[in-house]
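Right, one structure below, let's go through it.
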Amino acid sequence: MSDQPSHPADDADVDASRRGFMQSALLVAGAAQLPLSPVEAAPASGAAAAATPVVPPRPLTLNVNGTEHQLSLEPRVTLLDALREVLQLTGTKKGCDRGQCGACTVLVDGRRVNACLTLAIMHQGAKITTIEGIAQGENLAPIQAAFIEYDAFQCGYCTPGQICSAVACIAEMKAGTASAVTPDVRQQTVAFTDPEIRERMSGNLCRCGAYNNIVTAIQAASAQTRA
Ligand code: FES
Ligand code: FES
């Protein structure tokens, strides 16, 4: 501890950096309250000026379920919010919004992704598939039909994510991609066992506890697609 009195110039420096810190914190807090876009016209003045985006929207193209969408989004917008709030594809659900529940699972170039954990702007040029794009025209995909046949849901909130995840799960097993429970990772094939399915689907939670029927439905759909 120093007994020397502080110099007035030092106090001014401390005040300036404190002011800078408070201004940054307010900007960040304000950004969290901003609308998601599409872009709003910049307000003229006054209190409304606080709604001006901190980072301006950028043009981007998203290919969702085979359709190209030209958008203008702030870089901070997650893929989940872009799908739900901008494209109105509300089949993809928001559960935890922090990567814990899997309700927001979509497919990006065939791989499952938690849409709440990734930014829309990162997926230009990728093929994004949501639950709205899983059906084959007017016909349900085998996995959708199996979920209905085997009663693999109750409230249905987790179901879009479960189905998207199941599509990738079946593809992974068919491709022989090992999981944490594959007995011999040197083998190029994976047995379609219940433990394999449970392990691969472990990122998708179901508060209704429909797990047994979900596994049964995936077994049935995978048997059908392998036949
Ligand atoms: S909403 Fe994305 S993991 Fe829960
Ligand atoms: S069916 Fe209700 S959370 Fe899964």
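State which residue is nearest to ligand 2 (Cβ to nearest atom) when the search covers only the range 104-115 and only residues that are open to solvent by less than 10 Å² (accessible area, probe 1.4 Å) and not in a strand (DSSP E or B). Looking at the filtered set, the residue picked out is CYS104. Of the residues making up the range 171-214, those that are among the hydrophobic types (A, V, I, L, M, F, W, C) and within 20 Å of the chain's Cα centre (by Cα) are ALA171, MET201, LEU205, CYS206.
Taken as a whole, the structure places ALA145 among residues that are assigned to a helix (DSSP H, G or I) and either within 12 Å of ligand 2 (Cβ to nearest atom) or under 19 Å from ILE214 (Cα atoms) (or both). Restricting attention to the range 116-134 and to residues that are more than 11 Å from CYS164 (Cα to Cα) and either part of a loop (DSSP other than H, G, I, E, B) or not aliphatic (A, V, I, L, M) (or both), the residue that is most open to solvent (accessible area, probe 1.4 Å) turns out to be LYS127.
Is it fair to say ALA191 is touching a residue at least 60 places away in the same chain (Cβ under 8 Å) and away from ligand 2 (no atom under 13 Å from the Cβ)? Criteria not met by ALA191. Kindly establish whether GLY176 is within 12 Å of ligand 2 (Cβ to nearest atom) and either in a loop (DSSP other than H, G, I, E, B) or closer than 26 Å to GLY133 by Cβ (or both). So GLY176 fails the test. If you go through the range 82-103, how many residues are open to solvent by 20 Å² or more (accessible area, probe 1.4 Å) and either in a loop (DSSP other than H, G, I, E, B) or of a type outside the set (A, V, I, L, M) (or both)? Looking only at that region, the number is 15.
Of all residues in the range 60-80, those satisfying the criterion of being over 25 Å from GLN136 (Cα atoms) and not in a loop (DSSP other than H, G, I, E, B) are LEU60, LEU71, SER72, LEU73, THR78. Only a single criterion out of (1) at pLDDT below 95; (2) surrounded by fewer than 20 Cβ atoms within 10 Å (Cβ to Cβ) is not satisfied by VAL190, namely (2).
The values are calculated or read from the model by the stated rules, or taken from the named source; none is laboratory data. From a predicted model like this one, the values you see are computed outputs, not experimental measurements. Here the Cβ is made from the backbone with ideal geometry for all residues, glycine too, and neighbour counts use every protein chain on show. SASA here: full protein model, heavy atoms, side chains in, ligands and nucleic acids out. Shrake-Rupley method; radii C 1.70, N 1.55, O 1.52, S 1.80 Å.
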